[in-house]
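Down below is the structure, laid out as structure tokens.
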Amino acid sequence: MDRIVVDKELNLLSSEDYVFVGRKSNVFRKYREKAGMYVGKVAEIPENSDYFGKKVLVDSISPHAIFICGMRGSGKSYTLGVIAEEIALKNDAVGVIVIDPMGIFWSMKQKNKVESEKFTLEEWGLTPQGIKSVKVFIPKGQTKEAPEETWDKIFTIRPSELTVEDWCLTFDVDRFDVMGILLDRTIECLKNGYVTKKGKFVEGKAKDYSVEDMIHVIENEKSILSHEKGFKSATRRALIARLKGAKNWGIFDEKGTELKDLSKRSQISVIDISFLEDNVRALVVGTLARNILNTRKIVSRQEASGVLSSMIGGIPVTWLLIDEAHILVPGGGRKTAASDALLEYVRQGRQPGCSIVLATQQPSAVDSRILSQTDILFCHKLVYGDDINAVVRRMPSEMPRMFKNREFIQNLPIGMAIIGDKQEETSRSFLVAIRPRISQHEGRERQPIFEIDPDVMKENVKNIICEKYKKENKDALEKIVEMVNEDYNLNFRLEDILQELREEKRIEDKEEIMAGIETKKQAIEEFTEIVEIPKEKEIKPKVEPKLKELNFRKALVIYGDVDREKIYEIANKNRKKRLFKEGEKLDTCHKLYYPIFRVLFDYFPEKGDYVNLSCLIDGLTGEILRKNKKIGRTRGLRDLIPLKEDEMNFMIYLIKRENVTQIEIKNEMKLNTNKIKSLLSSTMQKGLVKIDKKGKFEEIKPLGDYKILWNPKDKKINFDYVVEEEFLDVDTIIRETITENEISKALKIWGKAKIWKIERLYYPYWIVYYSGEKPRVEVFDGVYGQKDEYTKNMIRHRI
Ligand SMILES: Nc1ncnc2c1ncn2[C@@H]1O[C@H](COP(=O)(O)OP(=O)(O)O)[C@@H](O)[C@H]1O
Ligand SMILES: [Mg+2]
């Protein structure tokens with residue numbers, strides 16, 4: 001084992017030969033090391049203690065949300081397997097369900113046969129052993145394809161377990177599209193009974209309906225077929241085609257696998273979803289997670305009141321282990337049929353005893369709301385900056401400076417991880433060497449599917465890189481090249497590709513892209529030498545923790561990584577300096593949260609399909625947020641919000657058209673002279689329009705300087721941002737002044753946009769006070785760190 005010295009104190013809940021992660025001290029007092037999962041050994045030498053080499057035990061008595069991340073091949077699935085083994089060996093009171101998207105966990109039944117690991121196992125004092133309690137479930141439709149020795153039981157779900165939203169997300173249709181509505185109606189008919197076009201009444205089935213039954217309703221139900229109130233035949237056909245396709249997923253059955261067969265004491269149920277498409281995988285996991293949570297909520301209530309009937313039909317405390325989780329719960333506002341269910345599972349699962357272990361190679365691509373619930377985190381080797389940042393941000397206990405260094409995480413050896421938890425007894429995160437597996441880890445590598453011609457492939461890669469070169473940073477480009485290399489077993493290097501592109505004059509030599517990251521790093525390093533950062537304590541007045549807690553509110557916040565350290569750096573750079581006199585001093589910085597509405601809407605363009613879009617609206621001005629290089633706002637939209645519909649249309653026309661005569665308005669807007677007169681007089685009264693005399697003609701134009709984005713699909717509106725839930729000090733929140741009604745009016749500028757959800761978010765800003773001859777205040781954006789005059793003007797008197 002490597003010996004890494006970490007010059008920072010480490011204190012853990014520990015005994016003579018082990019340390020604990022995730023165990024509460026009262027549980028420890030009562031149970032000592034019972035049901036502690038032996039995942040590995042402390043692999044660092046801390047400054048103060050003799051922890052090195054001690055066993056690391058992870059608690060399995062309290063419920064946990066454990067997160068394992070690392071690049072491909074770093075040992076995530078292996079660690080997940082160690083956890084499964086440990087529960088099987090140490091805790092027979094819980095049920096374990098492993099979601100296996102790679103089809104690798106069936107081999108847990110066999111003992112570890114890897115030659116090279118035999119010796120290590122011996123060193124660790126472990127004996128190879130198969131886990132007999134493993135049962136592998138595969139979807140009903142895959143029994144022919146999967147080799148017999150790799151599975152035990154069939155897995156199915158009842159169509160009745162799916163909500164309309166589940167169907168819609170899996171079919172990728174909008175919930176409020178006609179097809180969504182037809183689905184809703186179909187399910188309702190099946191539940192409550194319905195009348196066929198021939199007048200026959202068919203009784204409702206509470207749970208046991210099949211996909212076939214659903215199709216039957218669409219083909220025969222009276223009101224669905226009705227000419228006036230029914231659905232078009234194209235819609236019906238389209239839905240039937242999808243339902244028929246769904247039958248081929250091979251997962252449906254009227255009876256469905258009972259949850260109590262999946263979550264069973266002393267059984268490790270592996271659900272092999274490797275045969276399914278991503279959307280169907282999400283559906284399977286979503287329904288399962290929902291089911292476990294709901295069942296456990298009922299059972300735990302009964303357990304608490306001592307009702308024994310819950311033992312029958314109920315399920316035990318359950319651990320859900322999910323590999324490759326980013327596919328199921330992606331971030332960036334993308335939603336799958338697993339998103340809501342898993343989010344609820346992690347948020348509400350503790351109390352009813354639902355634990356979860358998620359593994360992913362791309363922590364930055366996982367829904368941050370799920371990540372934020374993590375209480376134990378394993379971080380294996382990672383290479384990309386945004387992934388590393390995501391982990392550094394989320395580590396539940398403090399990370400020593402040394403670990404935060406990108407290169408440190410980039411160079412973690414396979415099977416080594418930084419581990420951290422939320423327990424008070426744990427002073428910081430530390431290094432753990434994961435133990436070898438006692439059962440067989442299959443870890444099947446994906447084989448290249450085709451024999452490919454490297455030259456052809458290279459040309460493809462060059463095309464992609466050429467296209468992305470301007471838009472993406474080096475990390476992102478590296479990622480592309482690495483993905484290709486791994487998937488096709490090739491050996492390209494980004495530098496070579498770029499060189500060739502340069503030689504072919506396909507890209508300009510934009511060194512700054514490559515250098516950007518370096519200079520940034522340098523800047524930070526330089527800064528740390530010259531500027532003293534006031535300690536948190538010195539800035540914040542001390543408040544009794546209890547009192548303070550009362551003043552906190554849970555809120556959705558747009559994530560920004562401008563932390564206190566960074567803002568001091570930025571604020572310092574913005575200090576006014578003087579040649580001979582003393583310059584300005586930086587007084588204090590504090591954070592404020594600016595109200596922003598996130599509006600989710602469906603847009604029906606004149607041409608083309610409808611799309612599901614979102615935008616952010618300033619909660620004080622009603623202007624739409626836009627992003628070019630920095631965040632800005634539309635201009636003048638707030639003037640249009642109070643207008644009546646015809647006035648608004650008139651204004652929109654004038655803004656788009658500029659300088660028109662009455663005659664042109666008459667022809668182009670198809671309005672009569674009286675109507676134009678009345679519109680002109682009302683908008684002029686409101687100070688929105690003016691008339692310029694140009695010789696014989698009168699030119700009509702908007703008075704203000706409007707900057708409005710006319711296409712709701714514009715990239716400047718649909719930019720990326722991460723939203724996470726946080727507890728905010730109420731005193732730092734600025735209250736919005738725009739109402740929901742005003743928001744829906746603002747969106748009228750886009751014509752056919754139908755709002756289906758409005759959420760309140762908060763945007764972080766740093767308020768910086770400078771003292772000196774003339775004290776001043778500046779406002780900096782908490783996401784991009786840029787000076788923001790607009791916001792400064794808006795909140796001037798609010799701070
Ligand atoms: N703790 C460990 N001890 C020994 N070998 C390991 C360990 N972790 C991973 N490995 C090796 O690395 C390989 C890849 O690990 P795996 O967990 O499958 O990667 P991934 O992170 O992609 O899920 C395994 O097949 C195994 O050979
Ligand atoms: Mg894996």
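Quick notes on this one:
- Highest mean packing comes first when the peptides 491-503, 344-356 are listed by Cβ atoms within 10 Å, giving 344-356, 491-503.
- Förster-model FRET efficiency, 22 Å R0, residue 90 and residue 62, C-beta, rounded to 0.05: 0.95
- Multiplying the residue separation of residue 344 and residue 556 by 0.36 nm and subtracting their alpha-carbon distance yields 74.7 nm.
- Calculated FRET value between residue 508 and residue 575, using beta carbons and R₀ = 35 Å, to 0.05: 0.45
- Simple spin-label estimate for residue 797 and residue 715 in nanometres, 7 Å along Cα-Cβ: 4.0 nm
- Links that overshoot a 20 Å alpha carbon limit, given the list 404/566; 90/422; 479/716; 140/191; 198/247; 111/140: 90/422; 479/716; 140/191; 198/247; 111/140
- Backbone N within the range 650-684 under 18 Å of label point (7 Å from residue 644 Cα along the Cβ vector): 650-654, 670-684
- Checking every one of the trypsin sites (Lys or Arg not before Pro) in the range 727-784 against DSSP loop status and a limit of 14 other Cβ atoms within 10 Å picks out 735, 752.
- Summed residue charge, Cβ within 12 Å of residue 185's Cβ, Lys/Arg positive, Asp/Glu negative: +1
- The orientation-averaged projected area of the convex hull spanned by the Cα atoms of the range 250-328 comes to 5.9 nm².
- The simple Förster model, with R0 at 22 Å and r as the Cβ-Cβ distance, assigns residue 242 and residue 191 a FRET efficiency of 0.65.
- Helix runs (DSSP H) in the chain reaching 20 Å along axis by Cα, Kyte-Doolittle at least -1.0: 76-90, 178-192, 233-247, 278-304, 454-468, 474-488, 511-530
- 5 angstrom amide H check on residue 633, placed H, neighbours 5+ away: 626
- Net charge of Cβ neighbours under 13 Å - reference residue 755; Lys, Arg +1; Asp, Glu -1: +2
- Those GluC sites (Glu not before Pro) in the range 89-185 that DSSP places in a loop and that have at most 15 other beta carbons within 10 Å: 145
- Other residues lying with their Cβ under 12 Å from the Cβ of residue 738 contribute a combined charge of -1, Lys and Arg counting +1, Asp and Glu -1.
- Less than 5 angstrom separates the built amide H of residue 37 from those of 58, 59, 60, all sequence-distant by 5 or more or on a different chain.
- Listed pairs 458/630; 707/752; 55/109 exceeding 32 Å between Cα atoms: 458/630
- Projecting the Cα positions of 189, 427, 770 onto the charge dipole of the chain (unit charges on Cβ atoms of Lys, Arg, Asp and Glu, taken about the Cα centre) puts 189 furthest along the positive direction.
- Distance between the 7 Å Cα→Cβ label points at residue 739 and residue 301: 3.8 nm.
- Qualifying lysines (Cα of each under 22 Å from Cα of residue 701; at least 8 residues distant if same chain): 644, 656, 666, 670, 675, 677, 686, 690, 693, 748
- Cα-Cα pairs of the chain separated by more than 51 Å (percent): 25 percent
- Residue among 84, 139, 659 farthest towards the positive dipole end of the chain, charges placed on Cβ: 659
- Simple spin-label estimate for residue 471 and residue 668 gives 3.2 nm between the two label positions (7 Å along the Cα-to-Cβ direction from each Cα).
- Seen from a random direction on average, the alpha-carbon convex hull of the range 640-702 projects onto 3.9 square nanometres.
Every read-out reported here was derived from the displayed coordinates using simple, explicitly stated rules and does not represent laboratory data. The structure displayed is predicted, hence computed values, not measured ones. Every residue, glycine as well, gets a Cβ built from its backbone with ideal geometry; the counts of neighbours run over all protein chains shown.
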